[in-house]
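Since the structure comes first, as structure tokens, the remarks are kept for the end.
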Amino acid sequence: MGYMSTDLTWQTVSTDLSGTMRLAEQVGRRLKGGEVIELVSDLGGGKTTFVRGLAKGMGSYDKVASPSFTISREYKAGNKTMYHFDFYRLQDPGLVANELAEVAADPQAVVVVEWADIVESVLPAQHLTVRIKSTGEDSREFSFTYPPVLSYLIAE
């Protein structure tokens with residue numbers, strides 16, 4: 001039996017960086033572990049700011065930086081760990097796809113993936129996709145697409 005898409009969508013806007021941080025912090029506070037979040041936006045679209053807010057909402061005090069050159073970074077938050085992957089420069093998913101699949105199966109892990117096209121096959125079908133569209137220097141439109149099982153992450 002094929003997976004039927006009954007995904008929900010919620011949209012909102014942020015007019016500045018602190019609004020983006022607050023929005024991401026709200027989602028971060030609701031993370032239980034075991035979630036996978038795909039971030040979609042152009043370069044400079046606000047993905048790192050969003051991850052910073054997620055980590056802060058989870059209770060992490062680690063400094064969040066873009067993993068563009070390292071492919072992945074980890075942030076500790078109590079008994080949970082956020083794994084932040086950026087596949088922008090990756091030509092062949094190989095070992096990294098295995099690592100991603102492993103941490104995605106960890107109930108204490110929260111996995112955030114940027115430029116996920118190359119690893120789409122290892123992402124769980126039930127994940128949150130956050131599309132960020134730049135509408136000005138610091139203003140953004142957000143579109144959250146998620147299966148009903150992840151509804152607890154979104155406060156409409």
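Computed from the coordinates by the stated procedures, all read-outs in this text should not be read as laboratory data. Treat the numbers as computed from the prediction; the structure is a model and nothing was measured. Glycine also receives a Cβ, built like all others from the backbone with ideal geometry; neighbour counts cover every protein chain displayed.
Quick notes
- When both bridge partners sit in the chain, DSSP labels roughly 60% of those beta bridges antiparallel.
- Potential lengthening between Arg29 and Gln91 on full extension [0.36 nm per residue; Cα-Cα distance subtracted]: 19.0 nm
- Taking max minus min of the alpha-carbon positions on each principal axis, the chain gives extents of 38, 38, 32 Å, largest first.
- With 18 Å as the limit on Cα-Cα distance, the pairs of Lys32/Lys76; Lys76/Lys133; Lys56/Lys80; Lys80/Lys133; Lys56/Lys76 that go past it are Lys76/Lys133; Lys80/Lys133.
- Rg to Rh, two decimals, where the range 66-156 supplies the alpha carbon set and Rh follows Kirkwood: 0.97
- Stokes-Einstein D for the range 36-114, Kirkwood Rh over Cα pairs, 20 °C, 1.002 mPa s (µm²/s): 168 µm²/s
- Scoring 11-21, 109-119 by mean Cβ neighbours within 10 Å over their residues and listing the highest first yields 109-119, 11-21.
- In this structure, Ala101 and Glu137 have a Cβ-Cβ separation that, at R0 = 41 Å, corresponds to a calculated FRET efficiency of about 0.65.
- Note on Leu43 and Ser66: their simple-model spin labels are 0.8 nm apart, each label 7 Å out from Cα toward Cβ.
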